[in-house]
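The values are calculated or read from the model by the stated rules, or taken from the named source; none is laboratory data. Please read these numbers as outputs of a predicted model, since none were measured by experiment. Cβ placement follows ideal geometry from the backbone for every residue including glycine, while neighbour counts extend to all protein chains displayed. The area values use the complete protein model at the heavy-atom level, side chains included, leaving out ligands, DNA and RNA. Shrake-Rupley method; radii C 1.70, N 1.55, O 1.52, S 1.80 Å.
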Amino acid sequence: MDWYMMNCELLATCSALGYLEGDVYHREPDCLESVKDLIRYLRHEDETRDVRQQLGAAQILQNDLLPILVQYPQESVLFDAVVRLMVNLTQPALLCFGKVPSDATSRHHFLQVLSYLQAYKEAFASEKVFGVLSEKLYDLLQLDWEQRQEEDTLLIERILLLVRNVLHVPPDPTEEQGVDGDASVHDRVLWALHISGMDDLLKFLASAQAEQQWALHVLEIISLMFRDQSPEELAALGQGQAAAEHGEDTRELETLRQRELAERRARALQRPSRHSRFGGSYVLQGLKAIGDRDVVFHKGLHNLKSYSHDLGKEMRRVPRRRQAAPESEPPRRSARNVRLFLRRFCQDFLEGCYNRLMLLVKDQLVREKAQQHDETYYLWATAFFMAFNRCRGFRPELVSETVGVRAFHFIEQNLTNYYEMALMDKKEAATWARRMHLALKAYQELLRTVQEMDRSPEQAVRDSSQVIKSNIFYLMEYRELFLALFRKFDETKQPRSFLRDLVETAHLFLRMLERFCRSRAGLVVQSKRVWRRKKPRAPAALAPPPPSAAALEELWAGLAPQLQACLQGELPLPEDVVPFDAASETPVEEQRAEALLRIQGCLRDAQAPQALQLLRSARDVWPEGDVFGPPDAGPPEEARLLREILFAPLPRPAPPEAEEAEEEEDEEEEEETVQVSEKEFNFLDYLKRFACAPVVRALVLLLRGYARNSPRTNHCAARLLHRLARDLHMEALLFQLSLFSLFHRLLNDPAAGAHQELVALAKFILGKFFALAATNKKAFVELLFWKSPAAVREMTEGYGSLCQGEGAGRSRVPPWTPQEEQELRELYWKYKEVEGEDVIAAILAHLPAPGRTRRQVVKQLVRLGLAGSAKDFPRERKGTCLVLWTQEQEEELTRLFEEFQGSEDVLGNIMKHLTARRSRARVVEKLLGLGLVSERKELYKKRRRKSRGPGLGAAGAPAPLAQDSSAEDGDSSEEEEEEEEDDAEEGPMEEHWVPEEGAGQGLAHHLHQEGLAGPLRWLENCLRRTAGDREEDGVSHPVPLVPLSEENEDAMEDRRFRTLLRQLGLRPPANEQESFWRIPAALTPQQLRRLAASIAHHGPDPPGSSQVPPEPPRCPQDSVPAELPAAGLGSDSESEEPVPGPSPVQPGTKRRRELDSEEEEEEDDNGSSGAEPAPTAPRSEEEDEDEDPQPLGRRKRVRRVEEEEEEG
């Protein structure tokens, strides 16, 4: 911008500051007011930052502000105003614009402001400027808190901000193109800062007790000072210049020299050509050209290897969204004197300031006293200074503040937060990736520090390292962290340097974990399992109960006179009654049931004229079937029809809230239950988690730049691939074409001698591949795909091996044979064009192979290309329309009920044979309406009884745990889905039913007289103990009644005893997965005690009853884990509602059984007990000695009871 294009007022203000004559600046009388005016102008600049650009073009800071600052430091008011103005002018361009603009105009203004900032930074590379700032800051810090005014505190903060802004200015790549070792603008600013003594003041602020408020400012300035530095190079400075500073350069030069010598040898072996025009022409047999002929090659044979069809083609432009993320600027080597001063600063900072400053900064971060994202400076300082300390003699006491479990937890939390934000905030994913990289480097440095502590000569340091590792390896979050980062790595958002640090950190973590497992016999770690289930819906408003027959008779008696007057024409009928809704999505033909409900509603609301008019209008709209009467119906016929409609039990539709909830199942909230347990750790099982395509793909991507990678990076990547291929015997996981292309380039590289480890890995993998290809001809095709462990197994052991042997349990869906696929095609084309019929239902009805489900057929149609997706075959929505039962359908339902009345599953058999498709709830309602059943319980599926009790076999041995016979795979049939929905609707009815007071008293008295006194006492004690436990715990769960003796088992099979249980409000088994009756959770302790009192016997025992109870009266939840498992002896282990008991992990919650390898070993040891012990929390040695090591099993209890009966 030209000086003469400045704003007139701004130009006059700048002229009123003063003028520079030689090295002396002469200020004008209005200098202070002019500085304040400039501050005011900057406050009101527009979005293009026009004022800032005009002042930068005029070089106000270089020609006016800095000379005023240097020559008039004693005038405090002017000095303060000038510092305020410079802080505003030097603030980062990102703060001015918010972000890097995307449009060209705004980006031009952004780059213009950035160029002015770079000019400001070069002007600040002056010892005089920093000398004045240092002296002023020193004088202010000399003041005590009593003498320091608010203006002094503000000036201290502004000086620190000014230093921060100057150091924050990025370098100009066009101006600074010097080699390593040259002094850049940043180096000159640092040297001026050092000469002025500002670095000593920063160390004082970091260590002084009274200057805690400047902790974050100091840490930010220090991070900017070491922005271009490497901690390893700074630590190696002075420890042998040739080895430390020039070691890497020597290795690079040696690699280039080997590559050049190899190219010379290759050229020497080539056949020389006498003239370029006499090279000859050759035909490449087997390599086709554009047509059908072979390629004609017009160059020498020595150029044949470089031939490709892509020669001469333009490179395809990569879209911006697919371009690799740009790398951060590599650290450069500053001038030697600057590096020496920075190394000395690091040593002094570690010895006197580091622990205290990091404690203050973390405290401010935890208490949220800092600004947003200030934790990134903490993460940088942790990684940088711990690396410097590790490379400079390693003194663990200097970094003790950031070594520990809390430091690991803090960094892991931030790393996980950045990871989640990068997935959610797609627009700022690159920014979150940079923060994630800082956290990963800090995490890596923590692991390296712990590794160094293992090598310490002091025993206390080594013990501390063991404690840290035991805590880190125990928690699941730290083990799952690297898997999540590998799987979500995106090269378009995260740079290659992030992948390099991720691979090195994962390699270090695996090596430390492997050594830790070797040093311990059995490592126990924490395992978490998340159970997700939909939150139960709030109970909808219950519909009012239908009126009784007497009430309807009384209502009809009141309606008859009014209706008779309407039929005779004495009362006018309304004319605006329409029997259907033309705007509804439901077709007019399907709104007939709604019209019936409207007529019935008008009658029950005593609106006879509206009901009669609705009847006549509906007769005109739906004349077919004479549902609303014949067309020539007279007044007596209409009166009879209205009476039938009034008394008819018409099915009511679900309320709109329920329908919306069914349609929006995906939007329902889910509640998560995290189950924490312990298990024995297996390193190979953990390593198998890395055997997946994302991990291998990331490693291959990193190795593509093996020539630019450091030897350590190549070693870590090769070691990880070696673990997957050799340790897990999954060499086929690396059979991938992109990796083989990398191996080909590596083996043909003249400098391959510097990468011997990668060469050995390539030869090993290629040898395994060609050995497999000799037996599996499809191995060459498999090169095109990334593979999973299942694909690796099929590739090596034979295709289809997963469907046999051990893998049979996983793949439950039988494969489609070619004959079945052909039949499926024919059926699809046959029923595709049939209107009004479900194509999938028709295919299922005519498929010759039984057992296929709707979902399997839809998937196969999509796989065969006959359909685009599963959305082409939508299911019929349930509950959206009401269809009346015709007389033929009612007769069919009556016939089916009589046919299957004695079967185990009456309702299921009826549903299978019904011609018209209806839901289970509608069939149940119709059966109740027809009077075929009196209650829903009669339609429940009957349970199969075993020959003896649920826990004992014929010989008295413990029966094996029942398997989950109703476990379903992903392809469940439509009938099973409807059954689950109806059971879910009907199940809660009895759960919340509360019995009346004194229920079952008479029946209990009769049962007591018939010799069931023992089971009644057992039932009474169970009720009382459950009441006491619910009062004590404050939590109610359904409690199963587990009979432990034959007498109680026989009583539970007695029909009258079960009738008593129903009268008491106890719930029978809901399905085949449950084996025992349950005390519902809805019964309060007071109700349970009243029920126990109602069945208690107050008179003498009958002579036939046993005087000695066959078992101690106890409820299943009262037994301790050593005596009775949580699921009850002989109970169904897969029951959905386990017996609540005193859990060692969390009292008052349901105890779940963990099927871990550790518990299987315990089951083998305690096999004679007949029950699997419940999982217990870690106990101390004293508690283990006090406990009985052998639990009392059921067989021993029954045998003891029998001996007592014989003695009696």
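General observations
- Just one residue in the set Ala732, Ala725 is small (Gly, Ala, Ser), touching an Asp or Glu at 6+ places or on another chain (Cβ under 6 Å) and in contact (Cβ under 8 Å) with a residue 40 or more places away in the chain; that residue is Ala725.
- Cβ pairs under 8 Å, 6+ apart, first in segment 11-32 and surrounded by 18 or more Cβ atoms within 10 Å (Cβ to Cβ), second among the polar types (S, T, N, Q): Thr13/Ser34; Cys14/Ser34; Leu17/Ser34; Tyr25/Gln71
- Criterion (out of contact with any helix residue (DSSP H, G or I) (no Cβ under 7 Å at 6 or more places or on another chain), assigned to a helix (DSSP H, G or I) and farther than 25 Å from Ala81 by Cβ) met by exactly one of Thr153, Thr105: Thr105
- From the options Pro331, Pro326, residue that is touching a Ser or Thr at 6+ places or on another chain (Cβ under 6 Å), at pLDDT below 95 and either part of a loop (DSSP other than H, G, I, E, B) or surrounded by fewer than 22 Cβ atoms within 10 Å (Cβ to Cβ) (or both): Pro331
- Helices (runs of 4 or more DSSP H) within segment 994-1068 that include 1 or more residues touching a strand residue (DSSP E or B) at 6+ places or on another chain (Cβ under 9 Å) and of a type in the set (S, T, N, Q): 1013-1033
- Answer residue from segment 616-640, given it is more than 21 Å from Glu575 (Cα to Cα), assigned to a helix (DSSP H, G or I) and not basic (Lys, Arg) and is modelled with the lowest pLDDT among those: Gly625
- 3 or more residues touching a strand residue (DSSP E or B) at 6+ places or on another chain (Cβ under 9 Å): qualifying helices (runs of 4 or more DSSP H) within segment 1-78: 66-71
- Residues that are open to solvent by 20 Å² or more (accessible area, probe 1.4 Å) and of a type in the set (A, V, I, L, M, F, W, C) were ranked within segment 1063-1095; the one that is modelled with the lowest pLDDT is Ala1070.
- Residue check for Gln494: over 24 Å from Val676 (Cα atoms) and open to solvent by less than 20 Å² (accessible area, probe 1.4 Å): yes
- Looking only at segment 156-193, and only at residues there that are outside any helix (DSSP H, G or I) and modelled with pLDDT of 90 or more, the one that is least open to solvent (accessible area, probe 1.4 Å): Val169
- Residue in segment 893-914 that is open to solvent by less than 60 Å² (accessible area, probe 1.4 Å), modelled with pLDDT under 80 and not polar (S, T, N, Q) present: no
- Among all residues of segment 50-60, there is none that is in contact with a helix residue (DSSP H, G or I) (Cβ under 6 Å, 6 or more places away or on another chain), without any contact (Cβ under 8 Å) to a residue 24 or more places away in the chain and under 20 Å from Leu167 (Cα atoms).
- Subset of segment 615-643 [acidic (Asp, Glu) and on the phi < 0 side of the Ramachandran plot]: Asp620, Glu624, Asp632, Glu637, Glu638
- Hey, His755 at pLDDT 85 or above and crowded, with 17+ Cβ neighbours inside 10 Å or not: yes
- Boolean, Ala842 is at pLDDT below 90, touching a helix residue (DSSP H, G or I) at 6+ places or on another chain (Cβ under 7 Å) and not in a helix (DSSP H, G or I): no
- Segment 103-154, subset more than 53 Å from the chain's Cα centre (by Cα) and open to solvent by less than 50 Å² (accessible area, probe 1.4 Å), residue farthest from Pro173 (Cα to Cα): Lys136
- Count of segment 751-771 residues which are among the aliphatic types (A, V, I, L, M), free of Cβ contacts under 8 Å to residues at least 12 places away in the same chain and either touching a Gly at 6+ places or on another chain (Cβ under 9 Å) or within 23 Å of Arg708 (Cβ to Cβ) (or both): 2
- Residue within segment 47-59 that is buried (at least 17 other Cβ atoms within 10 Å of the Cβ), under 17 Å from Ile159 (Cα atoms) and at pLDDT 90 or above present: no
- Within segment 89-102, tally of residues that are closer than 20 Å to Leu160 by Cα, without any contact (Cβ under 8 Å) to a residue 60 or more places away in the chain and open to solvent by 40 Å² or more (accessible area, probe 1.4 Å): 2
- Among (1) modelled with pLDDT of 90 or more; (2) crowded, with 18+ Cβ neighbours inside 10 Å; (3) of a type in the set (D, E, K, R) - the single one Glu397 does not satisfy: (2)
- On the stretch given as segment 183-242, residues that are within 45 Å of the chain's Cα centre (by Cα) and acidic (Asp, Glu) total 5.
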